[in-house]
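Trainee: The structure follows.
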Amino acid sequence: WFVTGEQPILVITPDSLEQRLRDTIKNAAGAGRLRALVIDEAHLFTQWGRSFKPQYREMAALRKDILNQARNVGQPGFRTVLLSATVGAAELRDLHFHFSSPGPFSVVAANSFRREHDYWVSEPKDPEERKNRVKQAVLHLPRPLLLYVTRPEDAKRWKQILQSELGLERVGIVHGETPGDDRRDVLEAIRAGPGEKSRFDVVVGNSAFGLGIDYGGFRSVVH
(Lines give C-alpha, C1' and ligand atoms only; values in the text may rest on other atoms or scores of the structure.)
Protein backbone atom coordinates (compact mmCIF):
# COMPACT_ATOMS: atom_id res chain seq x y z
CA TRP A 1 0.00 0.00 0.00
CA PHE A 2 2.84 2.39 0.80
CA VAL A 3 4.57 1.64 -2.52
CA THR A 4 1.38 2.13 -4.55
CA GLY A 5 0.47 5.37 -2.79
CA GLU A 6 -2.64 4.06 -1.03
CA GLN A 7 -1.05 4.70 2.38
CA PRO A 8 0.04 8.36 2.53
CA ILE A 9 2.06 8.21 5.76
CA LEU A 10 4.26 5.41 7.08
CA VAL A 11 5.12 5.71 10.79
CA ILE A 12 7.92 3.42 11.93
CA THR A 13 10.52 3.08 14.68
CA PRO A 14 14.24 2.71 13.96
CA ASP A 15 14.12 -0.69 15.64
CA SER A 16 11.76 -1.97 12.93
CA LEU A 17 14.08 -1.25 10.00
CA GLU A 18 14.88 -4.84 9.14
CA GLN A 19 15.62 -5.73 5.53
CA ARG A 20 12.04 -6.32 4.38
CA LEU A 21 10.79 -2.94 5.54
CA ARG A 22 13.93 -1.27 4.25
CA ASP A 23 13.29 -2.77 0.81
CA THR A 24 9.69 -1.53 0.92
CA ILE A 25 10.87 2.02 1.58
CA LYS A 26 13.49 1.77 -1.18
CA ASN A 27 10.86 0.56 -3.63
CA ALA A 28 8.60 3.45 -2.69
CA ALA A 29 11.44 5.90 -3.29
CA GLY A 30 12.21 4.26 -6.62
CA ALA A 31 8.57 4.61 -7.63
CA GLY A 32 8.59 8.32 -6.79
CA ARG A 33 6.22 7.81 -3.85
CA LEU A 34 8.53 9.12 -1.12
CA ARG A 35 8.36 12.89 -0.66
CA ALA A 36 9.82 13.32 2.82
CA LEU A 37 11.75 11.48 5.50
CA VAL A 38 10.85 12.95 8.90
CA ILE A 39 12.88 11.94 11.95
CA ASP A 40 11.32 13.03 15.22
CA GLU A 41 13.35 13.42 18.43
CA ALA A 42 16.42 13.65 16.22
CA HIS A 43 18.76 14.29 19.17
CA LEU A 44 18.38 10.58 20.02
CA PHE A 45 20.43 9.82 16.90
CA THR A 46 23.39 10.93 19.03
CA GLN A 47 22.25 10.40 22.61
CA TRP A 48 20.86 6.87 22.20
CA GLY A 49 22.34 5.75 18.92
CA ARG A 50 25.90 5.48 20.14
CA SER A 51 25.14 3.00 22.90
CA PHE A 52 21.56 2.24 23.95
CA LYS A 53 19.90 2.03 20.50
CA PRO A 54 22.49 1.50 17.73
CA GLN A 55 19.62 1.11 15.23
CA TYR A 56 19.12 4.88 15.46
CA ARG A 57 22.49 5.44 13.78
CA GLU A 58 21.28 3.45 10.78
CA MET A 59 18.88 6.24 9.85
CA ALA A 60 21.65 8.20 8.14
CA ALA A 61 22.69 5.21 6.02
CA LEU A 62 19.05 4.47 5.22
CA ARG A 63 18.56 8.03 3.99
CA LYS A 64 21.51 7.83 1.60
CA ASP A 65 20.44 4.39 0.46
CA ILE A 66 16.93 5.43 -0.51
CA LEU A 67 18.15 8.73 -1.99
CA ASN A 68 20.41 6.75 -4.31
CA GLN A 69 17.55 4.38 -5.12
CA ALA A 70 15.34 7.29 -6.18
CA ARG A 71 17.99 9.08 -8.22
CA ASN A 72 19.15 5.93 -9.98
CA VAL A 73 15.75 5.69 -11.63
CA GLY A 74 15.45 9.40 -12.39
CA GLN A 75 13.29 10.40 -9.43
CA PRO A 76 13.89 13.82 -7.80
CA GLY A 77 14.49 12.46 -4.31
CA PHE A 78 12.86 13.76 -1.15
CA ARG A 79 13.29 16.22 1.68
CA THR A 80 14.71 15.14 5.06
CA VAL A 81 13.35 16.87 8.15
CA LEU A 82 15.04 16.41 11.53
CA LEU A 83 12.89 17.54 14.45
CA SER A 84 13.92 18.10 18.05
CA ALA A 85 12.97 20.35 20.95
CA THR A 86 16.11 19.55 22.96
CA VAL A 87 18.98 19.42 20.47
CA GLY A 88 22.31 20.69 21.75
CA ALA A 89 25.47 21.84 20.01
CA ALA A 90 27.06 18.37 20.03
CA GLU A 91 23.92 16.74 18.63
CA LEU A 92 23.60 19.41 15.95
CA ARG A 93 27.20 18.86 14.81
CA ASP A 94 26.59 15.11 14.68
CA LEU A 95 23.40 15.52 12.63
CA HIS A 96 25.13 17.93 10.25
CA PHE A 97 28.00 15.52 9.70
CA HIS A 98 25.72 12.58 8.87
CA PHE A 99 22.78 14.28 7.12
CA SER A 100 24.21 17.33 5.34
CA SER A 101 25.32 15.41 2.25
CA PRO A 102 23.81 15.66 -0.23
CA GLY A 103 22.72 19.15 0.78
CA PRO A 104 21.79 21.83 1.28
CA PHE A 105 21.48 21.60 5.07
CA SER A 106 19.48 24.34 6.79
CA VAL A 107 18.85 24.92 10.50
CA VAL A 108 15.52 26.44 11.49
CA ALA A 109 15.48 27.45 15.16
CA ALA A 110 12.37 28.57 17.04
CA ASN A 111 13.74 29.03 20.54
CA SER A 112 11.23 29.84 23.26
CA PHE A 113 11.24 30.13 27.02
CA ARG A 114 9.65 27.15 28.73
CA ARG A 115 8.70 27.24 32.38
CA GLU A 116 9.96 24.26 34.35
CA HIS A 117 8.35 22.54 37.30
CA ASP A 118 9.75 22.92 40.81
CA TYR A 119 10.77 19.65 42.43
CA TRP A 120 11.06 19.33 46.21
CA VAL A 121 12.38 16.13 47.78
CA SER A 122 12.01 15.20 51.44
CA GLU A 123 13.66 12.26 53.21
CA PRO A 124 11.82 11.58 56.49
CA LYS A 125 13.40 9.36 59.11
CA ASP A 126 10.33 7.34 60.01
CA PRO A 127 6.72 6.72 58.85
CA GLU A 128 5.23 9.20 61.34
CA GLU A 129 7.48 12.02 60.16
CA ARG A 130 6.65 11.08 56.58
CA LYS A 131 2.93 11.26 57.32
CA ASN A 132 3.28 14.70 58.93
CA ARG A 133 5.29 16.07 56.02
CA VAL A 134 2.71 14.86 53.53
CA LYS A 135 -0.02 16.51 55.57
CA GLN A 136 1.90 19.79 55.66
CA ALA A 137 2.51 19.58 51.91
CA VAL A 138 -1.20 19.08 51.23
CA LEU A 139 -2.09 22.02 53.48
CA HIS A 140 0.39 24.49 51.95
CA LEU A 141 0.87 23.57 48.29
CA PRO A 142 -1.30 25.16 45.56
CA ARG A 143 -4.47 23.31 44.67
CA PRO A 144 -6.01 21.40 42.91
CA LEU A 145 -3.49 18.84 44.14
CA LEU A 146 -2.90 15.19 43.33
CA LEU A 147 -1.73 12.94 46.17
CA TYR A 148 -0.20 9.96 44.42
CA VAL A 149 0.17 6.69 46.36
CA THR A 150 1.02 3.08 45.57
CA ARG A 151 -1.83 0.78 46.65
CA PRO A 152 -5.63 1.10 46.86
CA GLU A 153 -5.50 0.70 50.66
CA ASP A 154 -3.03 3.61 50.81
CA ALA A 155 -5.43 5.78 48.83
CA LYS A 156 -8.36 4.91 51.12
CA ARG A 157 -6.28 5.58 54.24
CA TRP A 158 -5.04 8.94 52.97
CA LYS A 159 -8.50 10.10 51.98
CA GLN A 160 -9.63 9.38 55.54
CA ILE A 161 -6.62 11.23 56.97
CA LEU A 162 -7.24 14.29 54.81
CA GLN A 163 -10.90 14.43 55.80
CA SER A 164 -10.71 13.50 59.50
CA GLU A 165 -7.34 15.02 60.53
CA LEU A 166 -7.09 18.00 58.18
CA GLY A 167 -10.77 18.77 57.81
CA LEU A 168 -10.73 18.75 54.00
CA GLU A 169 -14.09 18.05 52.41
CA ARG A 170 -13.48 18.30 48.66
CA VAL A 171 -11.42 15.09 48.34
CA GLY A 172 -11.75 12.66 45.44
CA ILE A 173 -10.26 9.20 45.10
CA VAL A 174 -9.38 6.95 42.15
CA HIS A 175 -7.59 3.60 42.40
CA GLY A 176 -7.78 0.13 40.90
CA GLU A 177 -10.84 -0.82 42.96
CA THR A 178 -12.83 2.35 42.27
CA PRO A 179 -16.14 1.61 40.45
CA GLY A 180 -16.34 2.94 36.93
CA ASP A 181 -19.12 5.46 37.67
CA ASP A 182 -17.18 6.92 40.61
CA ARG A 183 -14.02 7.16 38.52
CA ARG A 184 -15.86 9.00 35.73
CA ASP A 185 -17.40 11.35 38.27
CA VAL A 186 -13.98 12.34 39.62
CA LEU A 187 -12.54 12.84 36.14
CA GLU A 188 -15.47 15.02 35.09
CA ALA A 189 -15.14 17.02 38.29
CA ILE A 190 -11.48 17.89 37.75
CA ARG A 191 -11.80 18.64 34.04
CA ALA A 192 -13.32 22.04 34.65
CA GLY A 193 -13.82 24.23 31.62
CA PRO A 194 -12.63 27.83 31.16
CA GLY A 195 -13.73 29.96 34.11
CA GLU A 196 -14.91 26.93 36.07
CA LYS A 197 -13.42 25.49 39.23
CA SER A 198 -12.71 21.85 39.98
CA ARG A 199 -15.15 20.22 42.42
CA PHE A 200 -12.17 18.72 44.25
CA ASP A 201 -9.26 20.39 46.00
CA VAL A 202 -7.36 17.10 46.35
CA VAL A 203 -7.55 13.84 44.44
CA VAL A 204 -5.91 10.77 45.97
CA GLY A 205 -4.93 8.20 43.36
CA ASN A 206 -2.52 5.52 42.28
CA SER A 207 -1.41 4.25 38.86
CA ALA A 208 -5.02 3.42 37.97
CA PHE A 209 -5.71 7.15 38.05
CA GLY A 210 -2.82 8.01 35.76
CA LEU A 211 -3.97 5.87 32.83
CA GLY A 212 -5.21 8.10 30.03
CA ILE A 213 -5.37 11.27 32.14
CA ASP A 214 -4.54 14.55 30.42
CA TYR A 215 -5.52 17.36 32.77
CA GLY A 216 -3.50 20.54 33.02
CA GLY A 217 -5.41 21.98 35.97
CA PHE A 218 -3.41 20.28 38.73
CA ARG A 219 -1.06 22.74 40.35
CA SER A 220 0.79 20.33 42.64
CA VAL A 221 1.61 16.62 42.86
CA VAL A 222 2.67 14.94 46.10
CA HIS A 223 4.13 11.53 45.38
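Trainee: Consider only pairs whose beta carbons are under 6 Å apart and that are at least six residues apart or on different chains; among these, list those whose first residue lies in the stretch 134-159 and is at positive phi and whose second residue is at pLDDT 95 or above and open to solvent by less than 70 Å² (accessible area, probe 1.4 Å).
Mentor: Matching pairs, first to second residue: none at all.
Trainee: Output the residues belonging to the stretch 151-188 that are of a type outside the set (Gly, Ala, Ser), farther than 20 Å from Arg130 by Cα and part of a helix (DSSP H, G or I).
Mentor: Asp181, Asp182, Arg183, Arg184, Asp185, Val186, Leu187, Glu188, listed by residue number.
Trainee: Please work out which one of (1) surrounded by 10 or more Cβ atoms within 10 Å (Cβ to Cβ); (2) in a loop (DSSP other than H, G, I, E, B); (3) more than 24 Å from the chain's Cα centre (by Cα) is the condition Ser84 fails and give its number.
Mentor: It is condition (3) that Ser84 fails.
Trainee: Being of a type outside the set (Lys, Arg), modelled with pLDDT under 80 and surrounded by fewer than 12 Cβ atoms within 10 Å (Cβ to Cβ) is the filter here, so list the residues in the stretch 8-55 that pass it.
Mentor: Of everything in the stretch 8-55, those that are of a type outside the set (Lys, Arg), modelled with pLDDT under 80 and surrounded by fewer than 12 Cβ atoms within 10 Å (Cβ to Cβ) turn out to be Glu18, Gln19.
Trainee: Moving on to the next point. How many of the residues making up the stretch 132-147 are open to solvent by 30 Å² or more (accessible area, probe 1.4 Å) and part of a helix (DSSP H, G or I)?
Mentor: Going through the stretch 132-147 one residue at a time, the tally reaches 6.
Trainee: Test Ser51 against the criterion of being of a type in the set (Ser, Thr, Tyr) and touching a helix residue (DSSP H, G or I) at 6+ places or on another chain (Cβ under 9 Å), and give yes or no. Break it down stepwise before answering.
Mentor: On the way: of a type in the set (Ser, Thr, Tyr): yes; touching a helix residue (DSSP H, G or I) at 6+ places or on another chain (Cβ under 9 Å): no.
In short, no.
Trainee: Okay, next question. From the set of residues in the stretch 171-200 that are open to solvent by 40 Å² or more (accessible area, probe 1.4 Å) and touching a helix residue (DSSP H, G or I) at 6+ places or on another chain (Cβ under 9 Å), which is modelled with the highest pLDDT?
Mentor: My answer is Glu177.
Trainee: Would you check if Ala90 is open to solvent by 50 Å² or more (accessible area, probe 1.4 Å), more than 21 Å from Leu21 (Cβ to Cβ), outside any loop (DSSP other than H, G, I, E, B) and not basic (Lys, Arg)? Lay out the reasoning, then the answer.
Mentor: On the way: open to solvent by 50 Å² or more (accessible area, probe 1.4 Å): yes; more than 21 Å from Leu21 (Cβ to Cβ): yes; outside any loop (DSSP other than H, G, I, E, B): yes; not basic (Lys, Arg): yes.
Spelling it out, Ala90 is indeed open to solvent by 50 Å² or more (accessible area, probe 1.4 Å), more than 21 Å from Leu21 (Cβ to Cβ), outside any loop (DSSP other than H, G, I, E, B) and not basic (Lys, Arg).
Trainee: OK, next. Working only within the stretch 56-93, note down all residues that are modelled with pLDDT under 85 and not polar (S, T, N, Q).
Mentor: Residues satisfying the conditions are Ala70, Arg71, Val73, Gly74, Pro76, Gly77.
Trainee: Please go through the stretch 38-65 and pick out each residue that is among the hydrophobic types (A, V, I, L, M, F, W, C) and either in a loop (DSSP other than H, G, I, E, B) or in contact with a Phe, Trp or Tyr (Cβ under 8 Å, 6 or more places away or on another chain) (or both). Steps first, please.
Mentor: At the first step, the residues of the stretch 38-65 found to be among the hydrophobic types (A, V, I, L, M, F, W, C) are 38-39, 42, 44-45, 48, 52, 59-62.
Once the filter is applied, which keeps residues that are among the hydrophobic types (A, V, I, L, M, F, W, C) and either in a loop (DSSP other than H, G, I, E, B) or in contact with a Phe, Trp or Tyr (Cβ under 8 Å, 6 or more places away or on another chain) (or both), the stretch 38-65 yields Ile39, Ala42, Leu44, Phe45, Trp48, Phe52, Met59, Ala60.
The values are calculated or read from the model by the stated rules, or taken from the named source; none is laboratory data. Since we're looking at a predicted model, the values are computed, not measured. Positions of Cβ are generated from backbone atoms using ideal geometry, with glycine treated the same way; all protein chains shown enter the neighbour counts. These area figures cover heavy atoms from the full protein model, side chains too; ligands, DNA and RNA do not enter into them. Shrake-Rupley method; radii C 1.70, N 1.55, O 1.52, S 1.80 Å.
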